[in-house]
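Working notes, beginning with the structure itself.
The values are calculated or read from the model by the stated rules, or taken from the named source; none is laboratory data. Predicted, not measured: the structure shown is a model, and the values here were computed from it. All Cβ positions, even for glycine, are placed from backbone atoms using ideal geometry, and neighbour counts span all protein chains on display.
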Amino acid sequence: MDFIRKWVQALFFILTNGYWNFPVTKGIYKGPLKIVCSPGLNCYSCPAATTYCPLGALQQLLAGIRMSIENGQFFFGLYVVGTMGVIGGFVGRMVCGWACPFGLFQELLHKIPSPKFGIWPPLRYIKYGLLLFMVILLPLFALDEFGFGSTSFCKYLCPAGTLEAGLPMLFLQPELRSNIGPLFFNKLFFLFLFIIWAVLASRPFCRTACPLGAFYALFSRIKLVKLRLDPAKCTDCKACHNVCPMGVRFNESPDDMECISCLACSKACKFNAITLEIGGLSITTQPRPSDFQLKKITQGTDITN
Ligand code: SF4
Ligand code: SF4
């Protein structure tokens with residue numbers, strides 16, 4: 001299953017970053033696909049991006065909401081929020097595990113050999129604060145002289161924006177380098193912080209600082225595609241704890257807001273206590289073991305050979 005997930009991640013990466021003419025044009029793609037919302041974090045200003053980033057669009061929407069309402073042009077806003085809501089309602093944070101280029105980037109970094117560390121669980125709540133303050137309140141209320149709010153997360157923090165847009169555009173358009181100031185170095189600091197952290201710990205940006213992950217996490221209990229625990233089959237062996245890239249203890253918290261539906265726990269559970277459900281219909285990812293096999297598993301005998 002992880003093999004399929006990797007292919008899906010690669011496919012989304014290519015689909016949302018398919019404009020390979022940028023070394024010639026030295027600018028960003030502005031064609032018809034740019035009205036499509038990328039499910040994951042993928043900067044609008046990345047020279048290869050074919051779609052727009054939902055988080056950037058949400059901030060733009062809230063920052064200019066006064067003007068949109070005055071001009072009666074709030075349809076784009078409804079489209080952005082509606083798209084994010086539909087994606088969240090269907091799959092929630094499955095986007096993080098299957099369709100986000102920055103999630104894939106962190107997974108690849110984590111494969112670099114090094115000592116590996118966990119992440120202190122309370123740090124997960126930072127991303128909800130960032131969603132509230134930097135994505136909602138500051139764009140709504142920190143107004144400039146034209147009445148336009150501050151798109152704070154993109155401006156001050158987003159490491160995906162620095163990696164996918166800031167650095168490539170400086171390379172493509174050398175004249176931009178004269179504009180480099182403290183703001184850019186501030187963002188560069190966050191990018192390197194998360195790169196180093198991702199080598200040492202699994203998905204640190206997703207787990208601590210991604211407001212898009214925080215938004216999708218709000219749908220954890222009501223989303224259509226989700227994992228289900230069968231408590232009758234669970235032996236509390238804790239195998240699912242050891243493989244989770246998000247630090248979830250699935251059998252203790254089956255609706256955990258951190259779960260990105262990567263299915264690693266389902267594969268690790270030899271008792272088939274974890275199944276994938278779509279709209280309440282169970283899709284068992286592995287055949288149920290026979291009573292003989294269950295007995296052998298419980299005794300610690302490897303029955304896969
Ligand atoms: S791996 Fe399966 S049986 Fe073991 S604790 Fe997790 S859900 Fe329960
Ligand atoms: S709980 Fe399971 S599906 Fe969810 S992130 Fe952890 S390993 Fe993946």
Filter pass, Lys270 being touching a residue at least 12 places away in the same chain (Cβ under 8 Å), crowded, with 18+ Cβ neighbours inside 10 Å, away from ligand 1 (no atom under 13 Å from the Cβ) and basic (Lys, Arg): no
Looking only at region 201-255, which residues are within 16 Å of ligand 1 (Cβ to nearest atom), surrounded by fewer than 19 Cβ atoms within 10 Å (Cβ to Cβ) and of a type in the set (Lys, Arg)? Arg228, Lys233, Lys238, Arg249
Please tell me if Leu132 is more than 22 Å from Pro47 (Cα to Cα) and surrounded by 13 or more Cβ atoms within 10 Å (Cβ to Cβ). yes
Go through region 210-305 and tell me which strands (runs of 3 or more DSSP E), entirely inside it, have 1 or more residues that are at pLDDT 95 or above, assigned by TED's automatic domain parsing to the domain that holds Lys6 and under 18 Å from Pro121 (Cα atoms). none
